[in-house]
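So the structure is just underneath, and the comments pick up after that.
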Amino acid sequence: MAKLILLLLKCILFCGTVYAVFEDQVGKFDWRQQYVGKVRFCHFDGHMQSSKKVLLATESNVFAALNTRTGEVLWRHVDKTGPEGNIDAFLQNGQDSVLVVGNGRVLRSWETNIGGLNWEVVLDSGSFQSTCLVGQQGTVKNVAVLKKTAISLHYLSNGHQKWIENLPDSDTVDYQTVYSGGNGEVYVLGVVPHSHIAVVAFSVDDGEILKQSSVEAPWLSSIPESCQIVDQEMLICVDSTTMSLYTLDLTLQLQMNQIPLQVKNVYIFLLCGITPNPAKQPLSEFFLQLGPDRYVLLQFNSGQIVMLRDFKPVCNAFSKQHFSILTFRLQNVCYSPRLQYFNASTINLYNAETGRRLLDTTLIFTMDPNGGKPERVTFLKKDDSVGYRVMVQTKDHALTFIQQPGRVLWTREEALSDVLTMEMVDLPLTGTQAELEGEFGKKTDGLMSMVFKRLSSQLILLQAWIAHLWKLFYDARKPRSQVKSDISMENLSRDEFNLQKMMVMVTASGKLFGIDSKTGGILWKHYLENIPSNAGFKLMVQRTTAHFPHPPQCTLLIKDKDTGLASLHVFNPIFGKMSHVTPPALPQPILQSLMLPFMDQDYAKVLLLIDDQYKVSAFPSTKYVLQQLQEMAPTIFFFLVDSSQGRLSGYRLRTDLSTEQIWEVILPTEIQKIVSVKGKRPNEHVHSQGRVMGDRSVLYKYLNPNLLAVVTESTDLHQERSFVGIMLIDGVTGRIIHEAVQRKARGPVHVVHSENWVVYEYWSTKSRRNEFSVIELYEGMELYNSTAFSSLDRPLVPQVLQQSYIFPSSISTMEATLTEKGITSRHLLIGLPSGGIVSLPKMFLDPRRPEMASEQSREENLIPYAPELMIRTEWFINYNQTISRVRGIYTAPSGLESTCLVVAYGLDIYHTRVYPSKQFDVLKDDYDYMLISSVLLALFFATMISKRLAEVKLLNRAWR
Amino acid sequence: MSRHWIGDTLASDGLEAEFNGLSVPLEHSFELDDVAKFQLRGSLMLKTGREPSVSLNQNQLSEEDRTKLKEVAAVDGLYRIRVPRVFLQADKQTEWQTEGHLTAFVRACAMVESHLSDVITLHTDVSGYLIGVSIVTLPGACRGIEVEDEVDLEVFNTTLSIMAPVNAPGPETALFIQRMEQEFEKKGKNPQEQKSFFAKYWMYIVPLVLFLMMSGAQDQSGGGGGGGGNGGGR
């Protein structure tokens, strides 16, 4: 019986095989990188000697632990985006981490070893102000959360609320800080700006108000910015107008004592206190920031303030001693990297009590010259060890982990968690290939020299081939695992099928990356300083690698979204180096940019920029280009979209590089607003002009390269009256080709526009579900002008077919696959909020799907209409490699027609290849070369032998 | 979709009284220096209401304009038209007009070579605002054919229509369910197909399973039986 059960189990196991990817192909063609985002709070997990973790809470609402040895993510929790998942505060106690999330909405405690949730409590509503751990008799048992009108105390062990108390006079007093010194009292400090400080002391045990008082402080406006608690319940505040410190004893609460400071030319004042343990009182030492990079360490000693040391750090960090041994008592230390020549930074540790530098703690490390300046440091020094570890965060969101003495253990580029736009650029040819190419490219100079050139290049080729053979032989002897496949700048070259490309990624922090698409390794990075925080980026490839010896060239248009002012960054996408070509200065706000298909004499495509005066400037703007532009001016059209006024307008270039408006379409903004305008991708190829129908006639596609899909959403959001509008406009003539309205629908709308179809996804408010709709355009049974397409000469309106479907999930982003020649069938790549990427065949989104299958539709391979699109598990191209918060999908063709390269980016980055029509042009991995060659050989010999035999037989017959 | 067109515009004078809608000017411009100078071409009679319709009453091209149009066509200039933005659903006359114009263009040579045969389409949005105008000529190409201006460039031969957005279809669940039910009924009539997989093939499956059990018991290795069992199970 047991055998039978075993057998049945086996049957089930075998039946449930996943078809999407073979097990041995996992990670072969794809890779994923996980990121956490810009760090907001950071703690070393120091409660255990052997701990190898650093805990991070980031601005991307991620709470994660990194392995300090390798920098890998040990575990990661991704919360909701936006303010709902915002991490307000992060407190660390032993192996528990307490987080306040979503403006005081939720209080969570995490177990840091495995990243499990200990408990979670939903807090009462109210805007979050501050939180602190509350200790008593040396142990921390509670956490206090201060809100606008109330304070609550929770047990650390289970999150239960111990007590909650309303704050007195909360309508006039702005309570900002909560503090506990570990003696059974919780102090809440509030301020009435420019009037007085309110101090309320609660009992930890039952929340009873023990003391309540107000102290005059007319100069004070905000407590967290200018006050700090030091020593034994001593509040120290700084007043930057009178340049003096004020002290207030919280236990007595009489009045503030003024201590004037002897400083001149004060820049700003900022106070930093040093708190070793939440159960204990803070130190009597504190920092005062006097300038952008000047700190002084002060000591408060029985009413007197003593200066211990003057620092000039770039940034600093404070640490707490995790348990106190007398010999290392209060070893609280500070760090100060100084930027020296060639970007070397030094870190020193100081004793906080005395201000003296600790011996043998100087650490020098070199910063990446293409990175940003350091912004924040965190360090951990264990008591029994001499060495210590530092994590430095730089302005470009990179995390560098350094171990004494100056050894960089790892670097994480957290800027990649926020990729805004990207391009894939072909790698250059190898030196030898380029040599050959160059031979044909150059002008002829005599017969003899040509012969010599040819001979020399052949020799080089031979040499390269021998070297290749030798390498093959050498590698074959080594075990497979030792064969290095790492890639560096030197051996970057295009592979046989152009499957390996350079991914140029632009991130929100202004850092550019060049990533090898095969391995995911970062080959170059470049940090652009002075990028406005709300910048919009547009990356364009001006010259590809195909024009040796001219280097490839990418141009990044950086536009400040508020002012419209823009700048250009021109660089080489393979090496990341800034180009020697100086980009033009752009004094006027830029409205539109467009890449023209024609090139200058150096094979760089011409970029046109239109400013707010509707004047056009070209880059590069050589004489040749300007001359070309003059000739082509009447055929250059462009459009502008002003969504605030609902205006779409078309312009034509004039020979003097000014423009004239030629068409205008205005959508009243009180009815609907334009949410997106999508054209077609310029590098898209359509292989087939039409579709063969069941009766062998041809239905021609309407392939207008200038077609724009304009999506609008109604301003009225009532679920009965809201709608989504879709309009197809010719970008040259402004002619509205089709205008449709999806009633009782709402955004966000995702659109893909390609070939002769537009696919969009919306939320149906009536049925409360996500729906897909597809529009296809056909010219009909005959083409109007089959030789060339001109928007100016297409008087007939195309046939429009549309069909809609139900989709079982909401989606994050959508893109269509792209292949070299467009022969391969198309798939839609849909990023789901669950982290999966679905490759949905376009075949399922076909408005010609019939209600009832007929003979003709079967001939045409049309699937009968079904209103629901199922998501099949084998359609997930990223199997179990979840991609958090997919924001965009980029597709690029490869050298193989069957293969499309896909990059999905969001919090994570994922790269893979997809084969929409299977690998029709590739032999399988396990193809039996031996068999086929042996069969061939055998056949060859068989023919030889039989030929011989036949000859003998013929001879014999002749003799007879 | 509501699409009304009025084939010829010559007989429109008498109709004016019948229209309880509004009349807006249709202006055109064709200049040698391509700086738009709009002149009245005709007037559009727009009938407001649920199903808007439109008709056109337009003038002939003057002698002067005809030569100018041919000259503009010779330098590949543009022939532009414009209509004011209007709101077709408004009850009061004062609410019709809004700021600005909607413009469109066609190549002047196409206008000449098509002998002034143009197709003008007015587009409205859901609530009846005029949002765009488009003009094409039939035929649309410029081939450089000589045109006798007296005969062919006098009268506009305009096809005019007004188009409102179409309602995009939603998923058609009702029809699909109906079809499924029909198929289900068809199946129900055929009781032989109702039998389950096991019920139909038990006589093959049971001996196979037994055989596998026996062979498995003999050589004590369950691994060999798995593949066969799988084949049987399917």
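If the chain between A:Met243 and A:Asp24 were fully stretched, how many nm would it gain, using 0.36 nm times the residue separation less the Cα-Cα distance?
71.9 nm
Give the share of C-alpha pairs in each 10 angstrom bin for the range A:79-127, from 0 to the last occupied bin, in whole percents, shortest bins first.
Final binned percentages: 28, 54, 17, 1.
Can you give the alpha-carbon Rg of the range A:537-656 over 2.2 N^0.38 Å, where N counts its residues?
Ratio of Rg to 2.2 N^0.38 Å for the range A:537-656: 1.08.
With r defined as the distance between the Cβ atoms of A:Glu529 and A:His687 and R0 fixed at 35 Å, what FRET efficiency is calculated, to the nearest 0.05? Can you show the working numbers first?
Working: r = 46 Å, r/R0 = 1.30.
Once the sixth-power term is evaluated, E becomes 0.15.
If R₀ is 60 angstrom, what is the calculated FRET efficiency for the pair A:Lys924 and A:Glu225, using the beta carbon separation as r and rounding to 0.05?
Calculated value: 0.35.
Can you give the average number of partner chain beta-carbon atoms within 10 Å of each beta-carbon in peptide B:118-129, as a whole number? Please list the in-between numbers first.
On the way: counts 1, 3, 0, 3, 1, 6, 1, 11, 10, 6, 1, 7.
Per residue, the number of nearby Cβ atoms from other chains is 4 on average.
Modelled label-to-label distance, A:Asn956 and A:Ser834, 7 Å Cα→beta-carbon offset: nm?
Each label point lies 7 Å from its Cα, and together they span 7.4 nm.
Per residue, what volume in Å³ does the convex hull of the Cα atoms of the range A:559-623 enclose?
107
Compute the semi-axes of the equivalent ellipsoid of the range A:889-960, taking the square root of 5 times each eigenvalue of the Cα gyration tensor, and list them largest first in whole Å. Walk me through the intermediate numbers first.
Details: eigenvalues 630, 24, 8 Å².
So the equivalent ellipsoid measures 56, 11, 6 Å along its semi-axes.
If ligands, DNA and RNA are left out, what is the accessible area of B:Ile205 with a 1.4 Å probe, given in Å² to the nearest 10?
Accessible area of B:Ile205: about 30 Å².
Filter A:Lys28/A:Lys918; A:Lys80/A:Lys373; A:Lys918/B:Lys187 down to the pairs with a C-alpha to C-alpha distance above 25 Å, please.
A:Lys80/A:Lys373; A:Lys918/B:Lys187
Within 10 Å of each Cβ of A:784-795, how many other protein chain Cβ atoms are there on average? Walk me through the numbers on the way to the answer.
Details: counts 3, 2, 0, 0, 0, 0, 4, 1, 9, 9, 3, 13.
Counting Cβ atoms of other protein chains within 10 Å of each residue's Cβ and averaging gives 4.
Just from its helices, what would the mean residue ellipticity at 222 nm be for chain A, if runs of 4 or more DSSP H residues each count -39500 (n - 2.57) and the sum is divided by every residue, rounded to the nearest 500 deg cm²/dmol? Don't skip to the end; give the middle numbers.
On the way: 7 runs with 106 residues, N = 960.
When only DSSP H runs of four or more count, the value is -3500 deg cm²/dmol.
Work out the length of the dipole vector of the range A:24-132 about its Cα centre, built from +1 on the beta-carbon of each Lys and Arg and -1 on the beta-carbon of each Asp and Glu, and round it to the nearest 20 debye.
On the way: 11 positive and 12 negative charges, 63 e Å.
Around 300 debye, computed over the range A:24-132.
With a 1.4 Å probe on protein heavy atoms only, tell me which residues of the range A:769-783 lose at least 20 Å² of accessible surface in the complex relative to the chain by itself.
The answer is A:Arg769.
Taking the 0 to 90 degree range and rounding to the nearest ten, how far is the long axis of helix A:2-15 tilted relative to the main principal axis of chain A, both from C-alpha atoms?
Compared with the principal axis, the helix lies near 70 degrees.
Counting only protein heavy atoms and a 1.4 Å probe, tell me what percentage of the range A:33-151's accessible area is made up of carbon and sulfur.
Answer for the range A:33-151 is 48 percent, counting heavy atoms of protein chains only.
Please work out the Kirkwood hydrodynamic radius for the range A:818-886, using every pair of different C-alpha atoms, and report it in angstroms with one decimal place.
Working: mean 1/r = 0.0719 Å⁻¹.
Result for the range A:818-886, one decimal place: 13.9 Å.
Per residue of the range A:879-892, what does 6.51 cos²θ - 1.76 cosθ + 1.60 with θ = phi - 60° give for ³J(HN,Hα)? Whole Hz please, x for Gly and Pro, Karplus curve as stated.
Karplus values, whole Hz, x for Gly and Pro: 4, 9, 8, 5, 10, 6, 6, 4, 9, x, 10, 10, 10, 9.
With loop defined by DSSP as not H, G, I, E or B, and exposure as at most 13 other Cβ atoms within 10 Å, which is the longest segment of chain A clear of exposed GluC sites (Glu not before Pro)?
Excluding the exposed sites themselves, the longest stretch runs over A:209-489.
Using only Cα atoms, locate the centre of the range A:563-579 and the centre of the range A:751-819, then give the distance between them in Å, rounded to an integer.
Using only Cα atoms to place each centre, the spacing works out to 35 Å.
Which log10 I(q)/I(0) values, to two decimals, does the range A:100-223 give at q = 0.13, 0.15, 0.20 Å⁻¹ under the Debye formula with one point per Cα?
Here log10 of I(q) over I(0) equals -0.52, -0.68, -1.10.
Cα-Cα over 29 Å: which of A:Lys395/A:Lys678; A:Lys673/B:Lys37; A:Lys395/A:Lys561?
Result: A:Lys395/A:Lys678; A:Lys673/B:Lys37 exceed 29 Å.
Hey, could you grab the Kirkwood Rh for the range B:120-177? Inverse mean 1/r over distinct alpha carbon pairs, Å, one decimal.
Computed over the range B:120-177, the radius equals 15.5 Å.
First measure r as the distance between the Cβ atoms of A:Ala464 and A:Thr787, then evaluate 1/(1 + (r/R0)^6) with R0 = 51 Å and state the FRET efficiency to the nearest 0.05.
Working from the Cβ atoms, E equals 0.70.
Within 10 Å of each candidate Cβ there may be at most 11 other Cβ atoms; applying that plus a DSSP loop requirement, which trypsin sites (Lys or Arg not before Pro) in the range A:906-943 survive?
Passing sites in the range A:906-943 are A:Lys918, A:Lys924.
Would you work out the Kirkwood radius for the range A:163-264? I mean one over the mean of 1/r across all pairs of different Cα atoms, in Å.
One over the average 1/r among Cα pairs gives 14.0 Å for the range A:163-264.
Rounded to a whole number, what is D in µm²/s for the range A:604-718 from Stokes-Einstein with the Kirkwood radius over alpha-carbon pairs (25 °C, 0.890 mPa s)? Don't skip to the answer; put the middle values down first.
On the way: Rh = 17.3 Å.
D, rounded to a whole number, is 142 µm²/s.
What percentage of all Cα-Cα pairs in chain A are separated by more than 37 Å?
Pairs farther apart than 37 Å: 61 percent.
Where in the range A:901-958 are there chymotrypsin sites (Phe, Trp or Tyr not before Pro) that are in a DSSP coil and have at most 10 other Cβ atoms within 10 angstrom of their Cβ?
Counting only loop positions with at most 10 other Cβ atoms within 10 Å, the chymotrypsin sites (Phe, Trp or Tyr not before Pro) in the range A:901-958 are A:Tyr927.
Which whole number gives the average, over all residues in A:863-871, of C-beta atoms from other chains lying within 10 Å of the residue C-beta?
Values: counts 0, 2, 5, 6, 8, 3, 1, 0, 0.
Mean partner-chain Cβ count within 10 Å for A:863-871: 3.
Calculate I(q)/I(0) for the range A:37-129 by the Debye formula, one identical point scatterer on each C-alpha and no solvent, and give its log10 at q = 0.15, 0.21, 0.22, 0.23 Å⁻¹ to two decimals.
The computed values of log10 I(q)/I(0) come out as -0.53, -1.00, -1.09, -1.18.
Please work out how much accessible surface A:Tyr35 shows to a 1.4 Å probe, ignoring ligands, DNA and RNA, in Å² rounded to 10.
Per-residue accessible area (A:Tyr35): approximately 20 Å².
Over 28 Å between C-alpha atoms is what I'm after, so list which of A:Lys623/B:Lys70; A:Lys147/A:Lys211; A:Lys744/A:Lys842; A:Lys744/A:Lys821; A:Lys577/A:Lys623; A:Lys501/A:Lys615 land there.
Beyond 28 Å between Cα atoms: A:Lys623/B:Lys70; A:Lys744/A:Lys821; A:Lys501/A:Lys615.
The values are calculated or read from the model by the stated rules, or taken from the named source; none is laboratory data. Not measured: the values here are computed from a predicted model. Positions of Cβ are backbone-derived with ideal geometry, glycine not excepted, and every protein chain shown enters the neighbour counts. Areas reflect the complete protein model, heavy atoms only, side chains present, ligands, DNA and RNA absent. Shrake-Rupley method; radii C 1.70, N 1.55, O 1.52, S 1.80 Å.
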